[in-house]
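Here's a structure for you.
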Amino acid sequence: MTDDFKFSNNDEDIEVILFLEAIKLKYGYNFGDYSRAHIKRRIKNRLVKTDCKNILELAHKAITDEAFFANILLDFSINVTEMFRDPDFFKHLRNEIIPILETYPQIKIWHAGCSSGEEVYSLAIILKESGLYDRCKIYATDFNATIIDVAKDGIYNLESIKEYTKNYNLSGGKQSFSDYYTVKYDHAILDSSLKKNIIFAEHNLVTDGSFGEFNLIICRNVLIYFNRNLQNKVNNLFLDSLAKGGYLCLGSKETIDYSEVKKQYDTFSSEHKIYRKNRKV
Amino acid sequence: MKYDVVVIGTSAGGLDALRKILTTFKHFDDIALIIIQHRNPISNNYLSNILSDMTGRITLEIEDKTLLKKGVVYVVPPNYHALIEKNGLFTLDTSEKVCYARPSIDVTFKSFADAFGVSVIGIILTGANNDGGQGLYEIKLVHGYTIVQNPTTAEAPVMPNYAIKCTNPDEILELDDIGARLNELIRKNGEK
């Protein structure tokens with residue numbers, strides 16, 4: 001892609017390819033179009049925690065030990081997230097997008113790659129405070145069933161709540177953040193009324209297709225783990241899943257500039273990476 | 001040896017240290033320069049603006065799948081790790097902090113060691129934690145060139161001390177000499 005540099009492929013890269021092929025054949029998961037640098041880093045981090053001598057041994061362990069493979073799956077799907085991560089984005093959502101959604105009788109939202117649910121509950125809080133929640137149906141999806149169960153519970157470590165409270169206030173929160181959870185031992189249990197209109201479901205962006213027409217799709221810091229090829233494919237999926245005039249929100253360091261769908265969108269906020277599907281398409 | 005890439009990692013006191021190096025360094029067009037500076041997770045593009053003023057070069061805060069080019073200065077954004085793919089595209093990553101840091105110097109250094117091997121120069125400057133040492137070690141392991149700022153005169157000695165302990169670097173230099181040394185190393189590019 002760039003002639004400026006000479007990159008060195010090494011034996012480990014070959015082992016990574018064989019590793020990915022092995023788990024595809026065994027379990028059907030295809031990580032071939034994930035970011036190779038990311039996948040290799042996660043594999044090597046896992047390798048040093050085992051007694052395997054190299055990546056090929058790790059591949060053997062992954063295909064013969066299903067419980068071990070479950071760890072690999074969690075390694076590949078990054079589940080580090082926060083409530084109101086990037087408060088400025090959520091402020092923008094609250095102040096600029098919500099007033100437009102408010103004019104619709106019903107609002108369908110897809111939160112793709114919801115991980116353990118922190119961001120989808122953040123969205124639910126904003127919708128509640130704007131008086132829109134009861135008109136919304138939110139589909140929160142992830143490819144990893146284990147992590148969806150965590151999201152469904154909506155129970156988070158109490159240690160994180162201090163940071164979430166700070167984020168909530170920075171994002172323009174209108175109440176006291178403590179209104180939204182109860183404390184039990186060292187955990188914060190989110191108010192179950194936030195869950196009422198959220199449907200948690202398994203959906204794999206790599207293999208599964210569109211399942212509805214949405215007014216808003218939020219998929220932040222998920223596509224970064226894919227290569228450009230797969231990013232392009234998923235961007236087409238989002239385009240097909242948005243109503244005319246619907247909004248796509250990506251992470252603040254992601255862009256659709258490299259994707260063929262770019263022409264089908266207007267940039268709504270270049271700073272927050274919010275795009276609006278053309279109404280004419 | 002021909003060097004294509006310079007990666008610099010720093011933490012506390014980093015901005016002044018970077019200024020000393022970048023105002024002496026001349027051969028921006030011959031390399032890509034990547035800077036990992038620890039900072040607040042919610043911060044604006046202040047750092048890239050300052051670096052742009054210091055270097056007079058295009059300075060980009062890395063976005064996902066940004067293409068690496070010579071003559072450009074890249075800054076890793078706050079709250080992300082940055083990896084480099086073997087087709088020259090950056091991948092950003094929001095995974096766990098490493099050494100309490102995101103961005104982590106170790107993560108980016110290891111990735112560049114893997115992708116570029118011998119053609120990378122890694123530099124650790126002033127800083128108050130242990131990030132960077134493991135990454136610098138991997139650059140050394142693939143026979144890249146490794147430089148650490150002299151900890152006894154660094155604003156914060158912990159990071160350079162740890163990097164020296166991990167790596168046994170090619171050179172330990174006074175801050176004032178690093179820019180000139182880079183000019184020598186990179187001017188020799190292409191000579192046998």
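Taking the Cα centre as origin and putting +1 on Lys and Arg beta-carbons and -1 on Asp and Glu beta-carbons, what dipole magnitude results for the stretch B:5-187, to the nearest 20 debye?
Numbers: 16 positive and 21 negative charges, 32 e Å.
With only Lys, Arg, Asp and Glu charged at Cβ, the dipole is about 160 debye.
Which of rounded, prolate or oblate describes the stretch A:170-246 when judged by the alpha-carbon gyration tensor and an a/c cut-off of 1.5?
Values: a/c = 2.26, a/b = 2.02, b/c = 1.12.
Taking the square roots of the gyration eigenvalues as a ≥ b ≥ c, the stretch A:170-246 is prolate.
Can you compute 3J(HN,Hα) from phi for each residue in the stretch B:33-47, using the Karplus curve 6.51 cos²θ - 1.76 cosθ + 1.60 with θ = phi - 60°, rounded to whole Hz and x for Gly and Pro?
For the stretch B:33-47, the Karplus-derived couplings read 10, 10, 10, 10, 10, 4, 7, 4, x, 10, 9, 8, 8, 3, 5 Hz, x marking Gly and Pro.
List the residues, sorted by chain then number, that are 5 or more residues from residue A:181 or on another chain and whose placed amide H is less than 5 Å from its amide H.
Hits under the 5 Å cutoff: A:191.
Taking θ = phi - 60°, what integer Hz values does the Karplus form 6.51 cos²θ - 1.76 cosθ + 1.60 yield along the stretch B:54-65, in sequence order, with x for Gly and Pro?
Once rounded to whole Hz, the list reads 5, 9, x, 10, 4, 10, 10, 7, 4, 10, 4, 6.
Is the shape of chain B rounded, prolate or oblate, going by the alpha carbon gyration tensor and its root eigenvalues a ≥ b ≥ c, with a/c under 1.5 for rounded and a/b larger than b/c for prolate? The partial results should precede the final answer.
On the way: a/c = 1.18, a/b = 1.06, b/c = 1.12.
The shape class here is rounded.
Against the longest alpha carbon principal axis of chain A, how many degrees, from 0 to 90 and to the nearest 10, is the axis of helix A:118-129 turned?
10
For the stretch A:11-76, just say rounded, prolate or oblate: build the C-alpha gyration tensor, square-root its eigenvalues into a ≥ b ≥ c, call rounded for a/c under 1.5, and beyond that prolate if a/b exceeds b/c, oblate if not. It would help to have the intermediate numbers written out before the result.
Details: a/c = 1.29, a/b = 1.03, b/c = 1.25.
Note, shape of the stretch A:11-76 comes out rounded.
With an 8 Å Cα cut-off and a minimum separation of 6 or more residues, compute the relative contact order for the stretch A:11-76 in percent.
Values: 49 pairs, mean separation 22.9, N = 66.
Dividing the mean separation by the residue count of the stretch A:11-76 yields 35 percent.
Just going by the charge dipole of the stretch B:132-177, with Lys and Arg at +1 and Asp and Glu at -1 on Cβ, which of B:161, B:151, B:137 is farthest out on the positive end?
B:137
Expressed as an acute angle from 0 to 90° and rounded to the nearest 10, what is the orientation of the C-alpha long axis of helix A:36-47 relative to the principal long axis of chain A?
On a 0 to 90 degree scale, this one is about 70.
From the P(r) of the stretch A:87-277, can you give the percent of Cα pairs sitting at distances over 27 Å?
On the way: 4539 of 18145 pairs.
Tail of P(r) above 27 Å: 25 percent of Cα pairs.
While we're looking at this one, here's another question. So how do A:253-266, B:125-138 stack up, highest first, on mean other-Cβ count within 10 Å? Could the numbers behind the result be given before it?
Details: A:253-266: 16.9, B:125-138: 24.9.
Most protected by this proxy first, the peptides run B:125-138, A:253-266.
If you plug each phi of the stretch B:147-159 into the Karplus form 6.51 cos²θ - 1.76 cosθ + 1.60 with θ = phi - 60°, what whole-Hz ³J(HN,Hα) values come out, in order, with x for Gly and Pro?
Listing the rounded values in order: 10, 10, 5, 4, x, 5, 10, 7, 4, 10, x, 4, 5 Hz.
I would also like to ask the following. Please give the contour-minus-distance gain from residue B:152 to residue B:128: 0.36 nm per residue of separation, less the Cα-Cα distance, rounded to one decimal in nm. Walk me through the intermediate numbers first.
Details: separation 24, 0.36 × 24 = 8.64 nm, distance 1.31 nm.
In short, 7.3 nm is gained.
Give me the percent relative contact order of chain A, please, defined on Cα pairs under 8 angstrom at least 6 residues apart.
Working: 406 pairs, mean separation 45.4, N = 281.
It rounds to 16 percent for chain A.
Compute, for the protein assembly as shown, the length of the dipole vector about the Cα centre, with Cβ point charges of +1 (Lys, Arg) and -1 (Asp, Glu) only. Units Debye, rounded to 20. Can you show the working numbers first?
Values: 57 positive and 62 negative charges, 178 e Å.
I would put it at about 860 debye.
Where a number appears in this text, it was derived from the coordinates with a stated rule and is not lab data. The shown structure was predicted, so the numbers you read here are calculated from the model rather than taken from an experiment. A quick note on method: Cβ atoms are made from the backbone with ideal geometry, for glycine too, and the neighbour counts reach across all protein chains shown.
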